[in-house]
Amino acid sequence: EMRNLRTGIKRDDKFRSGEQVERVRIDDEEFTFLFGDDTILTFMNPETYDQLGVPLELLGEKAGFLQDGMKVQISLYEGTPISVSLPQQVVLELVEADPVVKGQTASSSYKPGKLENGMRIMIPPHVESGIKVVVATEDGSYVERFKG
């Protein structure tokens with residue numbers, strides 16, 4: 001299976017055992033998130049201060065986890081961004097938390113909550129709005145209360 005780095009289109013090809021496949025050089029660089037709009041996210045290289053525009057669709061829903069000054073790893077192919085890796089966890093404030101259902105135990109079920117970035121997550125019953133929580137950026141799941 002191969003993926004076109006520019007278009008993202010995948011295709012299946014079969015190769016004979018003696019065929020050579022050219023390896024692609026991908027550069028991974030650290031960037032700092034500056035700001036974003038409806039289509040482009042702007043990052044800065046902290047060493048050169050060069051700015052890089054990344055299409056919003058490259059991150060998809062994960063773009064909601066970006067915070068001012070956040071350090072990310074961007075993979076570049078011939079200077080074009082092909083992927084953005086966020087930190088594994090972020091700290092966000094919980095702005096809404098549904099009330100606990102009577103008889104609900106902490107180990108059996110979670111309740112809906114809304115983060116400051118507008119994303120909805122499932123949280124344990126004991127967690128209330130107004131506190132900061134640690135969230136996994138991979139799947140948007142609750143990790144723990146922020147202890148800091």
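The values are calculated or read from the model by the stated rules, or taken from the named source; none is laboratory data. These numbers come from a predicted model, not from an experiment. Backbone-built Cβ (ideal geometry, glycine too); neighbour counts: all protein chains shown. Heads up: the accessible areas ignore ligands, DNA and RNA and are worked out on the full protein's heavy atoms, side chains in. Shrake-Rupley method; radii C 1.70, N 1.55, O 1.52, S 1.80 Å.
For the reader, a short list of remarks on this structure follows.
- Long-range amide H partners of residue 123 with built H, under 5 Å: 111, 113
- Exposed loop sites, defined as trypsin sites (Lys or Arg not before Pro) outside DSSP H, G, I, E and B with at most 11 other Cβ atoms within 10 Å, are absent from the longest region of the chain, namely 26-101.
- Pairs from 10/62; 10/111; 71/147; 71/111 whose Cα-Cα separation, in the structure shown, is over 27 Å: 10/111; 71/111
- For the chain: accessible area per residue (Å², 1.4 Å): 69
- What the phi angles of region 80-92 give under the Karplus curve with 6.51, -1.76 and 1.60, with θ = phi - 60°, is a coupling list of 9, x, 10, 7, 10, 10, 8, x, 5, 9, 10, 10, 9 Hz, glycine and proline written as x.
- Surface share of carbon and sulfur [accessible, 1.4 angstrom probe, percent] for the chain: 47
- Relative contact order for the chain: 16 percent, from Cα pairs under 8 Å spaced at least 6 residues apart, divided by residue count.
- Charge context of residue 85, other residues only, Cβ under 14 angstrom, K/R +1, D/E -1: -3
- Integer Hz, Karplus 6.51/-1.76/1.60 couplings in order for region 120-132, x for Gly and Pro: 9, 9, 9, 10, x, x, 6, 8, 10, 5, x, 9, 9
- Its Cα gyration tensor gives the chain an equivalent ellipsoid. The semi-axes, each the square root of 5 times an eigenvalue, are 37, 21, 12 Å from largest down.
- Cross-link reach list, aspartates and glutamates versus residue 14, counting only Cα pairs under 18 Å and skipping chain neighbours closer than eight places: 1, 22
- Positive minus negative residues near residue 116 (Lys, Arg vs Asp, Glu; Cβ under 14 Å): 0
- Here the dipole of the chain is about 600 debye; that uses its Cα centre as origin and unit charges on the Cβ of Lys and Arg (positive) and Asp and Glu (negative).
- Rg/Rg_ref, region 89-145, where Rg_ref = 2.2 N^0.38 Å and atoms are Cα: 1.03
- For the residues 49, 77, 110, a GNM of the chain with alpha-carbon springs under 10 Å puts the largest fluctuation on 49.
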